[in-house]
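These notes are about the structure you will find just below.
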Amino acid sequence: MLRIRNLESGYGSLRVLKGISLHVNSGEIVTIIGANGAGKTTLLETIAGVVAASSGEILFDGRDLVTLSPERIVAAGCSLVPEGRQVFAPMTVRENLVLGAYIRSGREGKAAVAEDIDAIHRHFPILKERDGQLAGTLSGGEQQMLAIGRALMARPRLIMLDEPSMGLAPIIVRGIFEIIGRLRAEGNTILLVEQNAMASLGIADRGYVMETGQIVLEGTARELMENHDVQRAYLGKEYRSIGEGRG
Amino acid sequence: MQYLLSGITTGSIYAIVAIGFNIIYNTTGIINFAQGEFLMLGGMISISLCSVMPLPLAIALAVAVTAAVGYCIELLFVRWIHNPTVLRMVVMTIGISILIREIALHVWDEKVRSLPYFTGNEVTSVSILGARISPQILWVLGTCALIVVLLNLFYGRTLLGKAMRACSANRMAASLCGINAGRMVTVSFMLSAAIGALAGCVISPMTQTQYDCGTSLAIKGFTAAIFGGLGSSSGAVIAGLLIGVIEAVSISVLPLAYKDAVTLTLLLLILVVRPSGLFGSREAGALKEF
Ligand SMILES: Nc1ncnc2c1ncn2[C@@H]1O[C@H](COP(=O)(O)OP(=O)(O)OP(=O)(O)O)[C@@H](O)[C@H]1O
Ligand SMILES: [Mg+2]
């Protein structure tokens with residue numbers, strides 16, 4: 001579904017992505033893990049068109065996204081739930097959801113949008129209770145749900161999530177990952193960026209490890225979880241003994 | 001009573017100019033110092049047109065043409081500034097306002113013109129609460145109220161209005177929703193130009209229109225916008241009315257010549273004492289670069 005080849009991008013003269021290649025198959029959850037500053041957010045924002053790519057290609061169902069604006073990329077069926085949620089704080093929860101369906105509203109009309117809002121409410125009952133509340137006054141977990149719901153309103157074929165667990169209590173994080181699992185069960189394709197490697201490898205099919213703008217490791221989620229380097233760097237597991245680690 | 005009414009009338013004009021500032025400020029974060037020129041253009045164009053067509057049609061056309069001017073300004077100038085620092089935008093919009101004024105001077109020369117009174121003439125009056133006022137004042141007040149109500153409906157109910165609010169709340173998130181932020185900026189320029197032009201038409205019979213009448217209106221409107229808290233529509237209305245009344249009262253106690261000085265003093269005071277305005281939050285005020 002998504003195939004990225006030798007993607008490079010950055011900010012002004014600062015090169016952040018140094019030739020990224022990866023792919024996501026339809027129906028998969030693929031996770032990207034990596035330390036702070038590795039360039040994960042930059043990668044997702046480059047795919048979404050917020051950051052301009054300097055070279056390489058991003059094929060989405062065979063179509064190159066590199067030259068498209070963020071609006072066109074959303075319309076093509078690829079939505080990003082940005083880092084830090086970025087809800088429209090001075091607007092109500094419902095308005096946030098309605099705006100998520102902005103690209104479809106012209107074609108499909110209000111009734112279809114209202115129906116989808118009902119579907120979002122089934123996923124996130126709390127958003128129904130908060131319908132008329134200003135998004136800025138929601139708790140962090142609620143804002144994350146709203147951000148995911150807003151992205152879903154565009155009916156994307158690929159959903160990219162940038163650190164959905166950031167700053168949330170463990171129990172809320174579990175809830176968010178449950179929702180991600182349910183989204184996949186419904187046939188969605190998901191590209192998940194996470195610092196919480198344990199949880200994201202637990203739910204993903206495959207994963208990539210990113211370091212300073214490059215993919216240094218890839219494999220099935222299971223392979224990565226069993227990899228010693230990954231365990232040491234991202235899963236917080238110490239070597240049981242130096243000798244075992246080297247062997 | 002008479003003072004109060006005339007204060008409210010001029011105040012409501014300032015409020016409309018302030019709302020025009022706010023529309024553009026909210027989507028772009030810049031102050032369009034050419035806002036006053038939209039009023040001048042609206043007035044001038046309708047004056048020229050009304051000799052060849054009925055007044056309502058002339059006003060409608062003037063509003064449409066001015067909106068087109070707003071569109072061109074965005075298309076020709078604003079869009080091409082890729083790194084819109086506040087200083088650059090200020091310099092550019094002031095430049096645009098001078099340009100429009102010079103063009104107006106060539107087209108309409110220095111003569112002071114005015115639209116005919118919408119109902120009756122300059123001596124017609126109606127009496128309200130014991131004060132005798134020109135029916136044009138009612139037109140002005142009615143138009144202001146209508147603009148405020150319609151704008152609220154637009155921002156609150158329509159998808160386009162919500163999309164514009166979304167852009168001002170969080171531009172990146174808006175484009176991730178598929179909203180074309182650039183187009184919202186274009187719409188905001190057209191909208192504030194149209195509103196300015198309409199205001200320019202209704203006040204023309206009373207205040208007269210001259211090629212450079214936009215400047216003082218812009219300063220008063222700017223004061224109201226700052227006073228009410230940049231970006232806040234209800235704040236702009238209340239602040240506009242307050243400034244109008246303060247001016248009216250100042251005329252009754254000070255010589256007429258000090259009228260503008262009073263407003264400017266007020267502007268400076270606000271900028272020094274409370275730059276976030278009456279109703280803007282302090283926090284928001286601190287974030288603004290003005
Ligand atoms: N807007 C920007 N302008 C300039 N440099 C930036 C910008 N955003 C990120 N960077 C730089 O790009 C590099 C990668 O940042 P990025 O946000 O993509 O990392 P990340 O992997 O998402 O980190 P984190 O896990 O902390 O979210 C960092 O060195 C950062 O300083
Ligand atoms: Mg990040």
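Scan region A:18-38 for residues that are in contact with a helix residue (DSSP H, G or I) (Cβ under 9 Å, 6 or more places away or on another chain) and within 13 Å of ligand 2 (Cβ to nearest atom) and the total you get is 4. Of all the listed residues (A:Leu191, A:Leu152, A:Leu161, A:Leu168), the sole one being in contact with a helix residue (DSSP H, G or I) (Cβ under 8 Å, 6 or more places away or on another chain), within 16 Å of ligand 2 (Cβ to nearest atom) and within 14 Å of chain B (Cβ to nearest Cβ) is A:Leu161. A:Glu71 fulfils the conditions (1) in contact (Cβ under 8 Å) with a residue 40 or more places away in the chain; (2) away from ligand 2 (no atom under 12 Å from the Cβ) except for a single criterion, (1). Against the list (1) more than 14 Å from chain A (Cβ to nearest Cβ); (2) open to solvent by 20 Å² or more (accessible area, probe 1.4 Å), the condition B:Leu151 fails is (2).
The test for being more than 14 Å from every other protein chain (Cβ to nearest Cβ), crowded, with 21+ Cβ neighbours inside 10 Å and either out of contact with any strand residue (DSSP E or B) (no Cβ under 9 Å at 6 or more places or on another chain) or basic (Lys, Arg) (or both) does not hold for B:Thr143. Only a single criterion out of (1) touching a Gly at 6+ places or on another chain (Cβ under 9 Å); (2) more than 7 Å from every other protein chain (Cβ to nearest Cβ); (3) of a type in the set (A, V, I, L, M) is not satisfied by A:Ala111, namely (1).
Scanning region B:163-174 for residues that are within 7 Å of another protein chain (Cβ to nearest Cβ) and crowded, with 23+ Cβ neighbours inside 10 Å yields B:Ala163, B:Ala166, B:Ala173.
Summed over region A:45-68, residues that are in contact with a helix residue (DSSP H, G or I) (Cβ under 9 Å, 6 or more places away or on another chain), at positive phi and free of Cβ contacts under 8 Å to residues at least 40 places away in the same chain total 1. Take region B:19-36 and flag every residue that is open to solvent by less than 10 Å² (accessible area, probe 1.4 Å) and in contact with a Leu (Cβ under 9 Å, 6 or more places away or on another chain). Correct list: B:Ile19, B:Gly20, B:Phe21, B:Asn22, B:Ile23, B:Ile24, B:Ile31, B:Ala34, B:Gln35, B:Gly36. Of all residues being among the aliphatic types (A, V, I, L, M) and within 8 Å of ligand 1 (Cβ to nearest atom) in region A:8-42, which is modelled with the lowest pLDDT? Just the residue, please. Filtering region A:8-42 for residues that are among the aliphatic types (A, V, I, L, M) and within 8 Å of ligand 1 (Cβ to nearest atom), the one modelled with the lowest pLDDT comes out as A:Ala35. Restricting attention to region A:74-108, the residues being open to solvent by less than 30 Å² (accessible area, probe 1.4 Å), within 9 Å of chain B (Cβ to nearest Cβ) and aliphatic (A, V, I, L, M) number 8.
One line per residue, one yes/no per condition, for (1) free of Cβ contacts under 8 Å to residues at least 40 places away in the same chain; (2) surrounded by 15 or more Cβ atoms within 10 Å (Cβ to Cβ); (3) aliphatic (A, V, I, L, M):
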| residue | (1), (2), (3) |
| --- | --- |
| A:Gly10 | no, yes, no |
| A:Leu17 | no, yes, yes |
| A:Ser26 | no, no, no |
| A:Ile32 | no, yes, yes |
| A:Ala35 | no, no, yes |
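Taking region A:151-193 as the search range and keeping residues that are among the β-branched types (Val, Ile, Thr) and within 16 Å of ligand 1 (Cβ to nearest atom), which one is most open to solvent (accessible area, probe 1.4 Å)? Ranking the candidates gives A:Val173 first. Every listed requirement among (1) modelled with pLDDT under 85; (2) farther than 17 Å from B:Trp108 by Cβ is met by B:Thr223 save one, (1).
Filtered by the rule that a residue be open to solvent by 10 Å² or more (accessible area, probe 1.4 Å) and either within 16 Å of ligand 1 (Cβ to nearest atom) or in contact with a Gly (Cβ under 6 Å, 6 or more places away or on another chain) (or both), region A:130-149 gives a lone residue, A:Gly140. Restricting B:Leu160, B:Leu254 to residues that are under 30 Å from A:Gly109 (Cβ atoms) and surrounded by fewer than 20 Cβ atoms within 10 Å (Cβ to Cβ) narrows the list to B:Leu160. Sub-7 Å Cβ pairs linking a first residue in region A:184-207 that is at pLDDT below 95 and assigned to a loop (DSSP other than H, G, I, E, B) to a second residue that is within 13 Å of ligand 1 (Cβ to nearest atom) and not aromatic (Phe, Trp, Tyr), at least 6 apart or interchain, are A:Gln195/A:Glu163; A:Asn196/A:Ser165, ordered by first then second residue.
Scanning region B:175-203 for residues that are open to solvent by 40 Å² or more (accessible area, probe 1.4 Å), in a helix (DSSP H, G or I), at the interface with another protein chain (Cβ under 10 Å from one of its Cβ atoms) and over 15 Å from B:Ile24 (Cα atoms) yields no hits at all.
Residue under question is B:Lys259, and the condition is that it be surrounded by fewer than 19 Cβ atoms within 10 Å (Cβ to Cβ) and basic (Lys, Arg); does it hold? Taking the combined requirement at face value, the residue satisfies it.
The values are calculated or read from the model by the stated rules, or taken from the named source; none is laboratory data. Predicted model, so just to flag it, every value in this text is computed and none were measured. Neighbour counts are summed over all protein chains in view; Cβ atoms, including those assigned to glycine, are modelled from backbone coordinates with ideal geometry. Accessible surface is based on the protein model in full, side chains and every heavy atom, while ligands, DNA and RNA are left aside. Shrake-Rupley method; radii C 1.70, N 1.55, O 1.52, S 1.80 Å.
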